[in-house]
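Structure provided below as structure tokens; questions to follow.
The values are calculated or read from the model by the stated rules, or taken from the named source; none is laboratory data. Values in this document were obtained by computation on a predicted structure and should not be read as measured data. Virtual Cβ from ideal backbone geometry, glycine too; neighbours counted across all protein chains shown. Accessible surface is based on the protein model in full, side chains and every heavy atom, while ligands, DNA and RNA are left aside. Shrake-Rupley method; radii C 1.70, N 1.55, O 1.52, S 1.80 Å.
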Amino acid sequence: MPSLTEGKGNAPEKASAGIPDLRNRLPKLQPRRRQPPPSNPLPVPETPNLPSPPDASTLSFQKPTRRILSPQDHELFLASPTYKLLLAFVFGLTDSVVDTPVSAARDGDLSPSVRVILEILDSVEDVVKRSPPEDQGDSRFGNKGFRDFIDLAAKENPGWHKQLGVASDEAILEVSTYFLQSFGNRTRIDYGSGHELNFMLWLLCLYQLRIITTSDFRPLVLKVFTRYLKLMRLIQSTYYLEPAGSHGVWGLDDYQFLPFLFGSSQLLHHPFIRPLSIHQSTILEEYGNDYLYLGQVNFVNSVKNVEGLRWHSPMLDDISSAKSWEKVEGGMRRMFVAEVLKKLPVMQHFLFGSLIPAVEDMSQEEQLGVPSEEEDAEGGEVIVMKDGMKHVHQMNSWGDCCGIKVPSSVAAAQEMKKRMGGGDGLRRIPFD
């Protein structure tokens with residue numbers, strides 16, 4: 001008969017024999033490998049070589065007109081030398097301000113032509129002061145006083161261009177069309193990235209006429225474009241210009257694009273300002289006047305009636321998570337091509353003349369019976385084929401018929417300040 005101690009000693013052995021050994025069956029734990037971020041399939045657009053200005057004797061000046069009136073016209077433009085000319089000019093300006101603050105541009109280093117351009121922009125500001133807005137109550141839509149401003153500027157601009165050395169009336173008519181369109185549309189009282197692009201086209205015309213050269217590129221951004229931005233903020237706040245084809249909060253900005261392109265180039269290798277720094281008010285206040293990107297974010301914050309980039313400008317908020325300014329600048333180059341030059345609702349307003357020529361096979365306004373850019377009250381018409389028939393299509397920023405009028409965010413902020421007795425406080429989101 002076995003002892004009690006022997007029975008108790010064998011019990012654990014029998015129990016362990018009934019439990020399967022899972023040590024070799026369970027998978028071994030391994031550290032999780034971090035997945036690399038998805039790469040952008042679109043390459044960063046490079047800066048093409050800027051061609052020399054044309055021989056003046058070959059030019060036949062004409063009033064610029066719209067020629068991109070169908071998707072086919074748009075494809076012709078994207079394959080044309082004019083498309084490469086525009087890329088070379090805008091990206092050449094971008095390259096000229098790499099790692100360069102606005103304060104680096106000295107007044108003593110400006111060429112005579114750049115000085116005259118700055119004087120012209122000062123004259124435009126004087127025209128704004130002499131063209132007061134109409135009393136429209138608390139309306140946040142475009143003020144009709146803007147039309148008086150455009151009419152007075154159109155009356156005085158021939159003298160301004162003669163100061164620049166644009167001699168003939170025909171040349172002034174062509175060049176000044178881009179200049180006047182750079183302040184917004186007189187009929188619709190709106191403004192957007194297409195009008196901002198017209199300012200670049202005006203400068204490109206001056207390059208084509210050999211009035212400015214590539215040596216002027218850096219001051220053109222740091223002095224001339226910054227002066228234009230200041231002027232446009234005054235015009236927007238005075239006349240409540242409506243956003244042209246606004247994407248609402250799903251765009252970089254209701255009005256401007258180029259401050260973000262030029263500004264990211266300025267900050268390309270900055271030692272301590274990072275993309276995430278746009279959330280720091282002290283950085284914006286201290287460096288906003290020196291860097292266009294920061295200055296524009298500061299302005300966007302000031303005209304929105306809620307506090308926080310993630311609420312009123314989520315795209316800018318998303319971009320701030322980029323690891324470097326190289327990523328941001330590359331993205332801005334892609335965006336300029338994809339969201340400006342390759343977007344038909346924007347490029348349908350592009351004007352062609354002798355200095356910025358169209359492809360010969362592109363449509364003409366008079367052939368299709370569509371109004372000119374100055375007279376078009378609906379924001380643009382393009383001809384599309386539908387069921388084998390030509391169809392006149394009203395285009396907005398979504399590519400749909402029937403545009404939607406959007407009030408000015410600048411106007412909303414101004415009207416709120418009036419109601420609050422001039423205070424600058426912004427409405428906070430309840431759960432912010």
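Loop-only check: which chymotrypsin sites (Phe, Trp or Tyr not before Pro) in region 203-312 are DSSP coil with at most 13 other Cβ within 10 angstrom? Walk me through the numbers before you get to the answer.
Values: sites: Tyr207, Phe217, Phe225, Tyr228, Tyr239, Tyr240, Trp250, Tyr255, Phe257, Phe260, Phe262, Phe272, Tyr287, Tyr291, Tyr293, Phe299, Trp311; in loops: Tyr240, Tyr255, Phe257, Phe272, Tyr291.
Loop-located and lightly packed - Phe272.
Using a cut-off of 10 Å between beta-carbons, work out the net charge of the residues near Asn40 (Lys and Arg +1, Asp and Glu -1, Asn40 not included).
Computed value for this residue: +2.
Here's something else I'd like to know. Find out how many positive minus negative residues lie around Val98, taking Lys and Arg as positive, Asp and Glu as negative, among other residues whose Cβ is under 11 Å from that of Val98. Mind dumping the intermediate values first?
On the way: positive: Arg218; negative: Asp95, Asp99, Glu326, Glu329.
Result for the neighbourhood of Val98: -3.
With the other protein chains left in place, how much accessible area per residue, in square angstrom, belongs to region 264-373 at a 1.4 angstrom probe?
I get 42 Å² per residue for region 264-373.
Right, something else. Note down the accessible area of Arg210, probe 1.4 Å, to the nearest 10 Å².
Surface open to solvent at Arg210 totals about 150 Å².
What part of the accessible area of region 24-136, given as a whole %, is carbon or sulfur when the probe is 1.4 angstrom?
On the way: 3850 of 7410 Å².
Within region 24-136, the accessible surface is 52 percent carbon and sulfur.
Long-range amide H contacts for Leu351: which residues qualify at under 5 Å (H placed 1.01 Å from N, peptide plane, sequence gap of 5 or more or a different chain)?
Residues meeting the criterion, in which the H sits 1.01 Å from N, do not exist here.
In region 192-293, carbon and sulfur make up what percent of the accessible area (probe 1.4 Å)?
On the way: 1690 of 3310 Å².
Using a 1.4 Å probe with all protein chains present, region 192-293 comes out at 51 percent carbon and sulfur.
How about region 124-189: which GluC sites (Glu not before Pro) there are in a DSSP loop, with at most 15 other Cβ atoms within 10 Å of their Cβ? Write out the running numbers ahead of the final one.
Details: sites: Glu125, Glu134, Glu156, Glu170, Glu174; in loops: Glu134.
Of the GluC sites (Glu not before Pro), the ones in loops of region 124-189 whose Cβ has at most 15 other Cβ atoms within 10 Å are Glu134.
Could you pull out the pairs from Lys129/Lys343; Lys162/Lys304; Lys63/Lys162; Lys84/Lys129; Lys28/Lys327 whose alpha carbons sit more than 29 Å apart here? Please report the intermediate quantities before stating the final value.
Working: Lys129/Lys343 35 Å; Lys162/Lys304 40 Å; Lys63/Lys162 17 Å; Lys84/Lys129 39 Å; Lys28/Lys327 38 Å.
Lys129/Lys343; Lys162/Lys304; Lys84/Lys129; Lys28/Lys327, as the Cα separations exceed 29 Å there.
Right, here's the next one. Mind giving me the FRET efficiency for Arg32 and Lys327? R0 is 35 Å, r the Cβ-Cβ distance, nearest 0.05 is fine.
Values: r = 25 Å, r/R0 = 0.71.
After rounding to 0.05, the efficiency reads 0.90.
All other residues with a Cβ under 10 Å from the Cβ of Phe61 taken together, and with Lys, Arg as +1 and Asp, Glu as -1, what is their net charge? List each step's numbers first, then the result.
Values: positive: Lys63; negative: Asp169, Glu170, Glu174.
Residues close to Phe61 contribute a combined charge of -2.
Follow-up. Tell me, what is the per residue accessible area of region 61-162 in Å², probe radius 1.4 Å?
Per residue, region 61-162 has an accessible area of 45 Å².
Decide, for region 24-172, between rounded, prolate and oblate: order the square roots of the alpha carbon gyration tensor eigenvalues as a ≥ b ≥ c, take rounded if a/c falls under 1.5, and otherwise choose prolate if a/b is larger than b/c, else oblate.
On the way: a/c = 2.06, a/b = 1.73, b/c = 1.19.
Here region 24-172 falls in the prolate category.
In addition: Loop only by DSSP, 15 or fewer other Cβ within 10 Å of the Cβ. Give me the GluC sites (Glu not before Pro) in region 299-340 that pass, ordered by residue number. Could you put the intermediate results ahead of the total?
Details: sites: Glu307, Glu326, Glu329, Glu339; in loops: Glu307.
Listed in order of number, the matching sites are Glu307.
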